[in-house]
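Here's the structure we're looking at; comments come further down.
The values are calculated or read from the model by the stated rules, or taken from the named source; none is laboratory data. These numbers come from a predicted model, not from an experiment. Here the Cβ positions follow ideal geometry from the backbone for every residue, glycine too, while neighbour counts run over all protein chains shown. In case anyone asks, the SASA skips ligands and DNA or RNA and just uses the protein heavy atoms, side chains included. Shrake-Rupley method; radii C 1.70, N 1.55, O 1.52, S 1.80 Å.
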Protein chains: 4
Amino acid sequence: MPLVPILGLAVDRFDAEAVVVRLPWQDVALRPGGSVSGPAMMTLSDIALWGAILARVGREPLCVTTDLTFHFLAKPRHADVLAEARVIRLGRTLAIAEATLRSDGQVEPVAHAVGTYALPGRS
Amino acid sequence: MPLVPILGLAVDRFDAEAVVVRLPWQDVALRPGGSVSGPAMMTLSDIALWGAILARVGREPLCVTTDLTFHFLAKPRHADVLAEARVIRLGRTLAIAEATLRSDGQVEPVAHAVGTYALPGRS
Amino acid sequence: MPLVPILGLAVDRFDAEAVVVRLPWQDVALRPGGSVSGPAMMTLSDIALWGAILARVGREPLCVTTDLTFHFLAKPRHADVLAEARVIRLGRTLAIAEATLRSDGQVEPVAHAVGTYALPGRS
Amino acid sequence: MPLVPILGLAVDRFDAEAVVVRLPWQDVALRPGGSVSGPAMMTLSDIALWGAILARVGREPLCVTTDLTFHFLAKPRHADVLAEARVIRLGRTLAIAEATLRSDGQVEPVAHAVGTYALPGRS
């Protein structure tokens, strides 16, 4: 069963400058205390980063994740989590993007992600 | 719905030297081609790294992920994925572990993960 | 011989919101083509990230780097490199900061860094 | 002035399985306490990872670092630091390697590095 339908991700924004993906609040806790799990936030981030690149290069079915680095910054609130992703480098065969995750309505980030995606179809 | 029961992870080994967690082959593809998805491998890695630390420090409910870095190395086979995790530093308030992921029965790794976990209960 | 005096780093800004450290253009090339080397940019980043945290917590001699992740985005110009660092999480025992590096006068970044620093003196 | 001659790095091993680069003990401390600095260990790591890839692909002048992640595990001893690097994936246009750093004569690692290098000349 694919994870993304389970997580119920929704796209709030999708353009060349930024992509925002929403993880609806739901019972996805892996950790004590009922918080949004790290894996759910990692999945959200990967989708948002990937989306930010597709928003720049168009539909590229072979775009694959090469590396991802996450820093978990604060415990999310009992709310949706929004990942806002931007491309920071678009090369011929590699694209690099970063994302900041926030609980809906909050300024302080709950997580940060940066990752590289290979674009083999363009080489 | 928590991700881990969905993924059906199983623990193949759990001792102070290493922890091995198994992701059973199933329809968890997010990417074209029917391969195991990156998010499923990230979830597997986080559980294995966390387990490797718990195998050293005992039940520590407040152990939380601080950072995680993944490198995706090869497309997984149509098989279970095994994550073998080892602690590379056990400090008073931080533990660092790395994991290598392989398709069952293969030598070549499909992914590598390294991460830091905070142990606030020990400070 | 310490690296920082060799590199001739200069602090352009130092306040609670951001710290900017400058790597003067000089013959520090390790790579073909006369570009600023990766290690010089990593050193610059570490100092800027560390500075951003000290600008928030004050003089903390025991603040030590726990992890650092770099992405190299574009070849630097023949110019000074500026690293602008900001704290993205300030906890009791850990601080996390990110930095964007640009060639002087350019908008496009040449590198991105994110790192965690332990603050053992505050635990 | 290039960093590598300053650091006095020496190659202890260079073959297809592993590359070992040595950072001689010297006064390269940036941090209190006279320890080997993080930037010196990052420079050592980058050279060792890069060397491990060149040992596999041959002289490739365009091999450039794409990302690097470091975890600092323990304070180095008053001794040379050795970085042992191995390729964990060799693709057509990307190579990924990891390195473990130890103080000379010690078993416990002092740092871990993993990084991606682009091989544009092979695309």
Placing a label point 7 Å from Cα toward Cβ, how far apart in nm is B:LEU62 from its equivalents in the other copies, listed shortest first to one decimal?
1.7, 5.0, 5.3
Quick one: in chain D, whose Cβ comes closest to the D/B rotation axis, and how close in angstrom?
D:THR69, 2
Take the alpha-carbon positions of the stretch B:3-118, form their convex hull, and give its projected area averaged over all directions (one quarter of the hull surface) in nm².
6.7
Could you pull out the chymotrypsin sites (Phe, Trp or Tyr not before Pro) across the stretch A:58-123 that fall in loop regions by DSSP (anything but H, G, I, E, B) with no more than 13 other Cβ atoms inside 10 Å?
none
Taking only the alpha-carbon positions of the protein assembly as shown and ignoring solvent, what does the Debye formula give for the base-10 log of I(q)/I(0) at q = 0.06, 0.07, 0.14 Å⁻¹?
-0.24, -0.33, -1.56
Tell me, what is the percent relative contact order of chain C, built from C-alpha pairs under 8 Å that lie six or more residues apart?
26
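Compute the accessible area per residue over the stretch A:3-118, keeping the other protein chains in place, probe 1.4 Å, unit Å².
37
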List, shortest first and in nm to one decimal, how far the label point of D:PHE14 (7 Å from Cα along Cα→Cβ) is from its counterparts in the other copies.
4.1, 4.8, 5.0
Given a 10 angstrom Cα cut-off, can you work out which residue in A:ARG22, A:ARG56, A:ARG102 is the most mobile in a GNM of chain A?
A:ARG56
Tell me the distances, shortest first, between D:TRP25 and the same position across the other copies, using label points 7 Å along Cα→Cβ, in nm to one decimal.
4.1, 5.3, 5.8
Compute the distance in nm between two label points, each set 7 Å from the Cα along the Cα-to-Cβ direction, one at D:GLN106 and one at C:LYS75.
3.9
So if I average 1/r over every pair of distinct C-alpha atoms in the stretch D:76-123 and take the inverse, what Kirkwood radius in Å does that give?
12.0
Carbon plus sulfur fraction of accessible area for chain C, probe 1.4 Å, in percent:
53
